[in-house]
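The values are calculated or read from the model by the stated rules, or taken from the named source; none is laboratory data. Predicted model only: the values in this text are computed from it and were never measured. Here the Cβ positions follow ideal geometry from the backbone for every residue, glycine too, while neighbour counts run over all protein chains shown.
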Amino acid sequence: MTIATVRIASILVGGCIAAFALSTPAFSIGGGSSSGGSSSGSSGSSGSGGRSSESTMPTCKKGQMYDKRTKRCVKQSSANVTEENRTDYAYSLAKAGRYEEALAILDTLKDPNTAEALNYRGYATRKLGRTDEGISYYLKSVELDPKYAQVREYLGEAYVIKGRLDLAKEQLETIKTICGTDCEAYRDLNEAILKP
């Protein structure tokens, strides 16, 4: 093989790699600070209650949402995206600081009155500075699933914002009965109470 052939081959391989890298969608993972729950994707009222908050999914550009089934961004109006997927995606948007978009996704749910959807709506509204409105959604979520640790963490954080440490500590004690003192919901709310 000549030097020219090797150079041409390396240029072609490099070009293919660059073309592949540029043709795949770019995602940003919604990361986060104080979030609770410690189950891994299960729903219902298991030990930590509700779905995990840390299993956020990639976020897409405005007007699109991530479809867990196809593992790509699709139009938000896609009828093939499940309610659970929409709810989880709204949370990912909220964790990425895209609160208004998260609320818009939650508005597309056929059943917006699930414990998770109400919790995430409360989270987004609280982060927008509408703490009292957020508390009202958290309380509705607690009514639906009293063992949902994450909503109790967020409710407690809202009480800290309002200066109601007594109510925040009540939520902390309830979380302790749900998942103990080692779960993320307990640790995060405890930290928020200690450093208001």
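Quick check on Ala168: is it closer than 16 Å to Tyr186 by Cβ and surrounded by 17 or more Cβ atoms within 10 Å (Cβ to Cβ)?
Details: closer than 16 Å to Tyr186 by Cβ: yes; surrounded by 17 or more Cβ atoms within 10 Å (Cβ to Cβ): yes.
Here the answer is yes, as Ala168 does meet what is asked.
Within the group Leu194, Leu128, which residue is within 25 Å of Ala90 (Cα to Cα) and without any contact (Cβ under 8 Å) to a residue 60 or more places away in the chain?
Numbers: Leu194 fails: within 25 Å of Ala90 (Cα to Cα).
Of Leu194, Leu128, the one residue that is within 25 Å of Ala90 (Cα to Cα) and without any contact (Cβ under 8 Å) to a residue 60 or more places away in the chain is Leu128.
Taking Tyr123, is it under 27 Å from Ala104 (Cβ atoms) and among the aromatic types (Phe, Trp, Tyr)? Can you show your working first?
Working: under 27 Å from Ala104 (Cβ atoms): yes; among the aromatic types (Phe, Trp, Tyr): yes.
Spelling it out, Tyr123 is indeed under 27 Å from Ala104 (Cβ atoms) and among the aromatic types (Phe, Trp, Tyr).
Could you tell me which numbered condition Ala104 fails, if it satisfies all but one of (1) without any contact (Cβ under 8 Å) to a residue 60 or more places away in the chain; (2) of a type in the set (A, V, I, L, M, F, W, C); (3) in contact with a Lys or Arg (Cβ under 7 Å, 6 or more places away or on another chain)?
Only one criterion is unmet by Ala104, namely (3).
Could we say that Asp182 is of a type in the set (Asp, Glu), farther than 22 Å from Ser92 by Cβ and assigned to a loop (DSSP other than H, G, I, E, B) here?
Details: of a type in the set (Asp, Glu): yes; farther than 22 Å from Ser92 by Cβ: yes; assigned to a loop (DSSP other than H, G, I, E, B): yes.
Considered against the rule, which asks whether it is of a type in the set (Asp, Glu), farther than 22 Å from Ser92 by Cβ and assigned to a loop (DSSP other than H, G, I, E, B), Asp182 comes out as yes.
Going residue by residue through the range 105-117, is there one that turns out to be surrounded by fewer than 21 Cβ atoms within 10 Å (Cβ to Cβ), assigned to a loop (DSSP other than H, G, I, E, B), at pLDDT below 95 and polar (S, T, N, Q)?
Looking for residues that are surrounded by fewer than 21 Cβ atoms within 10 Å (Cβ to Cβ), assigned to a loop (DSSP other than H, G, I, E, B), at pLDDT below 95 and polar (S, T, N, Q), one finds at least one in the range 105-117, hence yes.
What's the number of the only condition in (1) over 21 Å from Met57 (Cβ atoms); (2) touching a residue at least 12 places away in the same chain (Cβ under 8 Å); (3) in contact with a helix residue (DSSP H, G or I) (Cβ under 6 Å, 6 or more places away or on another chain) that Tyr148 fails to meet?
All conditions pass for Tyr148, except number (1).
For the range 144-162, indicate whether the set of residues that are closer than 16 Å to Ala94 by Cα, aromatic (Phe, Trp, Tyr) and buried (at least 23 other Cβ atoms within 10 Å of the Cβ) is non-empty.
yes
Here's a check for you: in the range 146-162, which residue that is over 18 Å from the mean Cα position of the chain (by Cα) and part of a loop (DSSP other than H, G, I, E, B) is nearest to Thr177 (Cα to Cα)?
Pass one, the range 146-162, residues over 18 Å from the mean Cα position of the chain (by Cα): 146-147, 159-162.
Adding the requirement that they be part of a loop (DSSP other than H, G, I, E, B) leaves 146-147, 162.
Details: Pro146: 11, Lys147: 9, Lys162: 24 Å.
Going through the qualifying residues, I end up with Lys147.
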